[in-house]
Amino acid sequence: RLYKRRWLILLIFVLYSMSNAMQWIQYSIISNIVTRYYAVDSYAISWTSMVYMITYVPLIFPASWFLDKMVTLRSYV
């Protein structure tokens, strides 16, 4: 059976992922400005996006599991 609440949870998850992706990529667009302002190497700016991807990929699975368990628990209450 398909519940409307699942669509809401999916929409929230997609919007949250989109907001993270927009924040993740913002420094690569203006890397020349950031390197001059903070006087850092462009390699350091590239690492800001790499850290996101390194943590996002392994942590999305436990976060999705936790979200699923919390929704399941709340449906019983």
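For Trp65, the solvent-accessible surface computed with a 1.4 Å probe is close to 150 Å², ligands and nucleic acids excluded.
Calculated FRET efficiency, Thr48 to Arg6, Cβ-Cβ distance, R0 = 35 Å: about 0.55 to the nearest 0.05.
About its Cα centre, the chain has a charge dipole of approximately 560 debye under the convention of +1 per Lys or Arg Cβ and -1 per Asp or Glu Cβ, with nothing else charged.
When the charge dipole of the chain is built from unit charges on Cβ atoms (+1 for Lys and Arg, -1 for Asp and Glu) and taken about the Cα centre, the candidate among Ala63, Thr35, Ile45 whose Cα reaches farthest toward its positive end is Ala63.
Taking the longest Cα principal axis of the chain as reference, the axis of helix 4-29 is set at about 0 degrees. Using the 1.4 Å probe convention, the accessible area of the chain works out to 89 Å² per residue with neighbouring protein chains retained. Put simply, the C-alpha atoms of the chain give a gyration tensor, and the ellipsoid matching it has half-axes of 37, 13, 8 Å, longest first.
The values are calculated or read from the model by the stated rules, or taken from the named source; none is laboratory data. Because the structure is a prediction, the values reported are computed rather than measured. Every residue, glycine among them, receives a Cβ derived from its backbone with ideal geometry; neighbour counts consider all protein chains shown. Accessible surface is based on the protein model in full, side chains and every heavy atom, while ligands, DNA and RNA are left aside. Shrake-Rupley method; radii C 1.70, N 1.55, O 1.52, S 1.80 Å.
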